[in-house]
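A short write-up of the structure that comes next.
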Amino acid sequence: QVQLVESGGGLVQPGGSLRLDCAAAGSSDYINRITTMGWYRQAPGKQRELVADITRSGSTRYTDSVKGRFTISRDNAKNTVYLQMNSLKPEDTAVYYCKVVTYPYREFWGQGTLVTVSS
């Protein structure tokens, strides 16, 4: 089906930056039908929440807490979605999960990559 390979997580100081990458691979029957790609996160003691997502045509949405700091983008030729995270705060600490959606509607999730913002 679809395998999502995430990279870019790690430890960063408050105010720092990280870029998360998520590359989708697998059967072309699924890869060629990806619509929305996005990032979710789950912080300790909290439910998983949408961080940002982006449609095939480039429409984006962000959770309010990251607006102005994070930027989501995608490269359709590479089947890759990126999350540029700037001005990171301790409250951004979470496991970040890549999600892709195909049509007919299916969801695929990455394994998660840990982002820790701490001094």
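When you look at SER17, is it surrounded by fewer than 14 Cβ atoms within 10 Å (Cβ to Cβ), farther than 13 Å from THR116 by Cβ and touching a strand residue (DSSP E or B) at 6+ places or on another chain (Cβ under 8 Å), yes or no?
Details: surrounded by fewer than 14 Cβ atoms within 10 Å (Cβ to Cβ): yes; farther than 13 Å from THR116 by Cβ: yes; touching a strand residue (DSSP E or B) at 6+ places or on another chain (Cβ under 8 Å): yes.
When the stated conditions are applied, SER17 passes them.
Before we move on, is GLY112 at positive phi, touching a residue at least 24 places away in the same chain (Cβ under 8 Å) and either open to solvent by less than 70 Å² (accessible area, probe 1.4 Å) or more than 10 Å from the chain's Cα centre (by Cα) (or both)?
In short, yes.
Looking only at region 1-31, residues that are modelled with pLDDT of 95 or more and either of a type in the set (S, T, N, Q) or touching a His at 6+ places or on another chain (Cβ under 9 Å) (or both) come to 4 in all. Do we have ARG74 as open to solvent by less than 70 Å² (accessible area, probe 1.4 Å) and either acidic (Asp, Glu) or modelled with pLDDT of 95 or more (or both) here? In short, yes. Scanning region 88-109 for residues that are open to solvent by 30 Å² or more (accessible area, probe 1.4 Å) and either of a type in the set (Ser, Thr, Tyr) or under 12 Å from TRP39 (Cβ atoms) (or both) gives THR93, VAL95, TYR97, TYR103, TYR105, TRP109. Within region 22-42, none of the residues are assigned to a strand (DSSP E or B) and open to solvent by 70 Å² or more (accessible area, probe 1.4 Å).
So LEU50 fits all but one of (1) open to solvent by less than 60 Å² (accessible area, probe 1.4 Å); (2) closer than 23 Å to TYR103 by Cβ; (3) touching a residue at least 60 places away in the same chain (Cβ under 8 Å); what number is the exception? Only one criterion is unmet by LEU50, namely (3).
Given the criterion at pLDDT below 95 and of a type in the set (Lys, Arg), identify the matching residue among ARG69, ARG56.
Just a single option satisfies the conditions, and that option is ARG56.
The values are calculated or read from the model by the stated rules, or taken from the named source; none is laboratory data. Only a predicted model underlies this, so the values are computations on that prediction, with no experimental measurement involved. Neighbour counts run over all protein chains shown; Cβ positions are idealised from the backbone, glycine included. Accessible surface is based on the protein model in full, side chains and every heavy atom, while ligands, DNA and RNA are left aside. Shrake-Rupley method; radii C 1.70, N 1.55, O 1.52, S 1.80 Å.
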